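The values are calculated or read from the model by the stated rules, or taken from the named source; none is laboratory data. The structure presented is a predicted model; accordingly, all values stated were derived computationally and were not measured. Cβ placement follows ideal geometry from the backbone for every residue including glycine, while neighbour counts extend to all protein chains displayed. Just the protein is used for accessible areas: all its heavy atoms, side chains included, with ligands, DNA and RNA removed. Shrake-Rupley method; radii C 1.70, N 1.55, O 1.52, S 1.80 Å.
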Amino acid sequence: RPGATLAELMTDGVLAMNIDPANGQRYQGIVELHGDSLAETLREYFLSSEQLPTRIWLASQGDLAAGLLLQKLPADHGPEEAWEHLVTLSDTITGDELLELPFSDLLHRLYHQETVRLFDAGPVAFRCSCSREKIERVLLGMGKKEVASILEEEGEIRADCEFCLSKYRFDSVDVAALFADAMPASGQQ
């Protein structure tokens, strides 16, 4: 419904944030919806789950969406007044500007009196790091006896990725082949 708040659209909803750092373990944080917008809920997520003061401005129209995220650096990277100054400048952004201005123009409009460093743009893409091979390594790590016990009880091994919704299934033939391939060749240790 156009003009409806997030709370009106998603009664009793939660926000699930999947964090997939380049050099770390993927994890998920879940928070209740706060305020009237997705931006307010995201702000609360970063404050409560990540302990990072964060402000987010979002806009959408049809199949186009844009946003600006401002996140405070640790305390030793500048005074509190600098953070408040940048938030005040950022609060002047409009939804139309977010949707229509090239990012370099947008940043110049907001922060032309500040030192701004732009990094090379990269494509935004949905991707998941799960794979059948990773699940196989987990099964090998559990050991043949434990995996056999699950197979006996469940009839198959199931692993479902909650990020990309991929489903991995291993039957007794798959498990036998997995552990056979993991055994060292005769004469080798």
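Look at the range 46-67 and say how many of its residues are modelled with pLDDT under 85 and open to solvent by 40 Å² or more (accessible area, probe 1.4 Å). Explain how you work it out, then say what you get.
Taking the range 46-67 and keeping what is modelled with pLDDT under 85, we get 46-53.
If we keep only those that are open to solvent by 40 Å² or more (accessible area, probe 1.4 Å) too, we end up with 47-53.
Counting residues in the range 46-67 that are modelled with pLDDT under 85 and open to solvent by 40 Å² or more (accessible area, probe 1.4 Å) gives 7.
Quick check on my filter: what residues within the range 128-140 are open to solvent by 70 Å² or more (accessible area, probe 1.4 Å) and either over 19 Å from Tyr27 (Cβ atoms) or part of a loop (DSSP other than H, G, I, E, B) (or both)?
Arg132, Glu133
Contact list please: Cβ distance under 7 Å, first residue in the range 11-40 and open to solvent by less than 50 Å² (accessible area, probe 1.4 Å) and modelled with pLDDT under 80, second residue among the aromatic types (Phe, Trp, Tyr) and assigned to a strand (DSSP E or B), pairs at least six apart or on different chains.
As it stands, the answer is Ile19/Tyr27, since those pairs meet every condition given.
Is it fair to say Ala159 is open to solvent by less than 90 Å² (accessible area, probe 1.4 Å), part of a strand (DSSP E or B) and at pLDDT below 95?
yes
Condition test on Leu118, is it part of a helix (DSSP H, G or I) and within 30 Å of Leu70 (Cα to Cα)?
Considered against the rule, which asks whether it is part of a helix (DSSP H, G or I) and within 30 Å of Leu70 (Cα to Cα), Leu118 comes out as no.
For the range 162-188, which positions are within 23 Å of Ser129 (Cβ to Cβ), exposed (fewer than 14 other Cβ atoms within 10 Å of the Cβ) and at pLDDT 90 or above?
Lys167, Arg169
Among (1) in contact with a Ser or Thr (Cβ under 7 Å, 6 or more places away or on another chain); (2) open to solvent by less than 90 Å² (accessible area, probe 1.4 Å), which single condition is Arg43 missing?
(2)
From the list Asp105, Asp96, Asp91, Asp120, exactly one residue is of a type in the set (Asp, Glu), within 22 Å of the chain's Cα centre (by Cα) and more than 30 Å from Ala182 (Cα to Cα). Which is it?
When all the criteria are applied, what remains is Asp120.
Name the residues in the range 162-171 that are part of a loop (DSSP other than H, G, I, E, B), of a type in the set (D, E, K, R) and free of Cβ contacts under 8 Å to residues at least 40 places away in the same chain, would you?
Selection gives Asp171 alone.
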